[in-house]
1. On the given criteria, is ASN26 over 13 Å from LEU72 (Cα atoms), within 16 Å of the ligand (Cβ to nearest atom) and surrounded by 13 or more Cβ atoms within 10 Å (Cβ to Cβ)?
2. Restrict the check to the stretch 120-138 and report whether at least one residue is exposed (fewer than 11 other Cβ atoms within 10 Å of the Cβ), among the hydroxyl-bearing types (Ser, Thr, Tyr) and under 18 Å from ASN55 (Cα atoms).
3. Provide a single number: the residues in the stretch 24-49 that are part of a loop (DSSP other than H, G, I, E, B) and of a type in the set (Gly, Ala, Ser).
4. Is it true that ILE77 is surrounded by 18 or more Cβ atoms within 10 Å (Cβ to Cβ), outside any loop (DSSP other than H, G, I, E, B) and either within 11 Å of the ligand (Cβ to nearest atom) or without any contact (Cβ under 8 Å) to a residue 60 or more places away in the chain (or both)?
5. Within the stretch 36-49, track down each residue that is more than 16 Å from the ligand (Cβ to nearest atom) and modelled with pLDDT of 95 or more.
6. Given the conditions (1) within 11 Å of the ligand (Cβ to nearest atom); (2) in a helix (DSSP H, G or I), and given that PHE83 satisfies all but one, which numbered condition is not satisfied?
7. Somewhere in the stretch 80-91, is a residue more than 11 Å from the chain's Cα centre (by Cα) and within 27 Å of ASN132 (Cβ to Cβ)?
8. Which is part of a loop (DSSP other than H, G, I, E, B), over 16 Å from PHE83 (Cα atoms) and either acidic (Asp, Glu) or touching a Ser or Thr at 6+ places or on another chain (Cβ under 8 Å) (or both), of GLU21, GLU16?
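The values are calculated or read from the model by the stated rules, or taken from the named source; none is laboratory data. All of these numbers come straight from a predicted model, not from anything done at the bench. Because the Cβ atoms are built from the backbone with ideal geometry, glycine has one as well, and the counts that use them run over all protein chains shown.
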Amino acid sequence: MRDDAWLNQRLDHIWEMLFPELERLNKVDVRFKGKWKNKFGHIKSVGKNSEIVVNGLFKEEDIPEYIVDITLAHELIHYMHGFNSPHEKKYKHPHAGGIVTRELKKRGFGHMIALEREFVEKDWFRLYEKLNPTKRKKKSFFSFLRG
Ligand SMILES: [Zn+2]
């Protein structure tokens with residue numbers, strides 16, 4: 001099973017490969033947490049550090065690695081835009097006008113966006129029930145998959 005060390009390596013790798021000019025102005029940790037249905041990840045400030053959290057269900061090998069990667073990239077874009085990071089805040093709202101999607105496409109994640117959409121439509125809710133069988137079904141919305 002994937003663990004936090006694996007996740008940190010993954011983040012470093014994505015950062016070096018796809019965000020080479022993005023300055024790491026503080027300590028950025030990443031860890032698995034929670035078992036959410038409608039959220040894949042978020043970034044928050046913890047003192048002077050930033051912490052990226054990835055849905056704990058993504059530890060399971062059933063979840064494709066590209067879902068972890070695109071979640072990390074999404075949160076890195078918030079970091080870049082100054083949300084819960086020391087970078088200058090560039091926008092009023094973290095998801096204003098599709099800024100995250102636009103940046104993801106610019107960084108080469110266009111194909112992964114399509115794969116992710118397909119994964120959410122076809123597999124995610126079934127896998128969620130499989131990996132988290134104690135939770136009872138509730139109506140869900142696709143509107144916020146990440147914080
Ligand atoms: Zn977001």
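1. On the way: over 13 Å from LEU72 (Cα atoms): yes; within 16 Å of the ligand (Cβ to nearest atom): no; surrounded by 13 or more Cβ atoms within 10 Å (Cβ to Cβ): yes.
The answer is no for ASN26.
2. Yes, that holds for at least one residue.
3. Of all residues in the stretch 24-49, those part of a loop (DSSP other than H, G, I, E, B) come to 24-27, 34-40, 47-48.
Going one step further and asking which of them are of a type in the set (Gly, Ala, Ser), we end up with 34, 47.
Of the residues in that region, 2 qualify.
4. Numbers: surrounded by 18 or more Cβ atoms within 10 Å (Cβ to Cβ): yes; outside any loop (DSSP other than H, G, I, E, B): yes; either within 11 Å of the ligand (Cβ to nearest atom) or without any contact (Cβ under 8 Å) to a residue 60 or more places away in the chain (or both): yes.
In short, yes.
5. Residues satisfying the conditions are VAL46, GLY47, LYS48, ASN49.
6. Going through (1) within 11 Å of the ligand (Cβ to nearest atom); (2) in a helix (DSSP H, G or I) one by one, PHE83 breaks only (2).
7. Yes; the residues of the stretch 80-91 include at least one that is more than 11 Å from the chain's Cα centre (by Cα) and within 27 Å of ASN132 (Cβ to Cβ).
8. On the way: GLU16 fails: part of a loop (DSSP other than H, G, I, E, B).
Answer to the check: GLU21.
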